[in-house]
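These notes concern the structure reproduced below.
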Amino acid sequence: MSVSFPAGKRAVVAKGLNKRFKTGRTYIEVLKDVDFDALHGDVTMVMGPSGSGKSTLVACLSGLLRPDAGKVEALSVDLWGGPDGRPKGLSAGKLDRFRLDNCGFIFQGFNLFPALSALQQVTTVLKYQGHSPDKARAMAVTALEEVGLGKRMNQKPAELSGGEKQRVAIARALAKQPKLLFADEPTSALDGENGQVVTRLLHRAAKEHGAAVICVTHDPRLETFADRVIHIEDGRILDDRRVTSASTTVSSDRPLIGA
Ligand SMILES: Nc1ncnc2c1ncn2[C@@H]1O[C@H](COP(=O)(O)OP(=O)(O)OP(=O)(O)O)[C@@H](O)[C@H]1O
Ligand SMILES: [Mg+2]
């Protein structure tokens, strides 16, 4: 089965995102009026210094963290709603379902289940998505082989190296062919060769399946595959540069939020 989505169409649009955290008695402003969009078929890279708000931005865009202000439309769904009588956005349960159906995540901490083997980590998600056990197993095996873990499928996280754990998390995210793929430092624990494998897989998710790949990274290996590089500093987007021409012209059938 191969799912694809129209390249060049906006997959995520965020407007005026603000997020602050309370630390002790003061607040720190982590996102300051951030506007963001990402297209199907693009690898969009988000770069910036430690603490600049990259992971917070990804969490708001993917339905994991409610912003204090602003809007996120992901796949034309208003995730958070707006103030003053505007729609309320999705309930917690609907947000969970939205992520399960549409989003792949590769996170800094891997988020693997300690008791499950590599194969089970991947099949579990696919079964939740509604695939039969046999189909889920076949998809999981393919995804694990693609990240070079064909011989490690029955090992649990404690029996895997850091790089292998990272590759399990990547296989789990890619196996369901998500429309939106959020990656936060996906190659940080990988050597040159495995870093290249993962970079190519992220690129393929965008180019062959039309996923919108949003990738936080400092890794120059990934920059060579990026279509667009966005720099964020101190909660603000400073620079937004397209480094390849868009695969198709940006569709104009959906207006920017609030426009
Ligand atoms: N739950 C929280 N409570 C309080 N402060 C937080 C919380 N989450 C993040 N922060 C603060 O918000 C700022 C931005 O954090 P964020 O994780 O988005 O940074 P980042 O750009 O991803 O950094 P890194 O490159 O180190 O991963 C940091 O100063 C961090 O300490
Ligand atoms: Mg981070």
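Pairs from the list 32/179; 15/94; 19/94; 71/207; 9/32; 32/127 with a Cα-Cα gap above 31 Å: 32/127.
Sorted on the mean count of surrounding Cβ atoms within 10 Å across their residues, most packed first, peptides 187-197, 116-126 read 116-126, 187-197. For the pair residue 111 and residue 218, the difference between a 0.36 nm per residue extended length and the Cα-Cα distance amounts to 36.5 nm. I need the calculated FRET efficiency for the pair residue 35 and residue 76, taking r as the beta carbon distance and R₀ as 22 Å, to the nearest 0.05. After rounding to 0.05, the efficiency reads 0.80. Close amide H partners of residue 216, meaning residues 5 or more places away or on another chain with modelled amide H under 5 Å apart, are 46, 183, 184, 185.
I need the fraction of alpha carbon pairs in region 118-200 separated by more than 14 Å, rounded to a whole percent.
More than 14 Å apart: 58 percent of the Cα pairs in region 118-200.
Label sites at residue 65 and residue 50, each approximated as a point 7 angstrom past Cα along Cα to Cβ, lie 1.7 nm apart.
Using the beta-carbon distance between residue 231 and residue 142 and R0 = 25 Å, what value does 1/(1 + (r/R0)^6) give for FRET efficiency, to the nearest 0.05?
FRET efficiency, residue 231 to residue 142: 0.10.
Computed from backbone phi, the HN-Hα couplings of region 114-129 come to x, 7, 9, 5, 4, 5, 5, 4, 7, 5, 4, 5, 5, 5, 4, 6 Hz, rounded to whole numbers (Karplus: 6.51 cos²θ - 1.76 cosθ + 1.60, θ = phi - 60°; Gly and Pro given as x). What residue among 115, 212, 69 has the largest mean-square fluctuation in a Gaussian network model of the chain, using Cα springs under 10 Å? Between 115, 212, 69, it is 115 that shows the largest mean-square fluctuation. Under the criterion of Cα pairs below 8 Å and six or more residues apart, the relative contact order for the chain equals 29 percent.
When all protein chains stay in place, what accessible area (Å², nearest 10, 1.4 Å probe) is found for residue 29? So the heavy atoms of residue 29 present about 90 Å² to solvent. With n ≥ 4 as the cut-off for DSSP H runs, can you work out [θ] at 222 nm for the chain, using -39500 (n - 2.57) per run divided by the number of residues, rounded to the nearest 500? Taken over the chain, the calculation gives -9500 deg cm²/dmol.
Over region 1-72, the reciprocal of the mean inverse Cα-Cα separation, the Kirkwood hydrodynamic radius, stands at 13.5 Å. Dividing the convex hull volume of the alpha carbon atoms of the chain by its residue count gives 138 Å³ per residue.
Taking the average, over residues, of other Cβ atoms within 10 Å as the packing measure, peptides 135-141, 60-66 rank 60-66, 135-141 from highest down.
The values are calculated or read from the model by the stated rules, or taken from the named source; none is laboratory data. Computed from a predicted model, the values in this text were never measured in an experiment. Please note: Cβ atoms are built from the backbone with ideal geometry, for glycine as well, and neighbour counts cover all protein chains shown. For accessibility, only protein heavy atoms count, side chains too; no ligands or nucleic acids. Shrake-Rupley method; radii C 1.70, N 1.55, O 1.52, S 1.80 Å.
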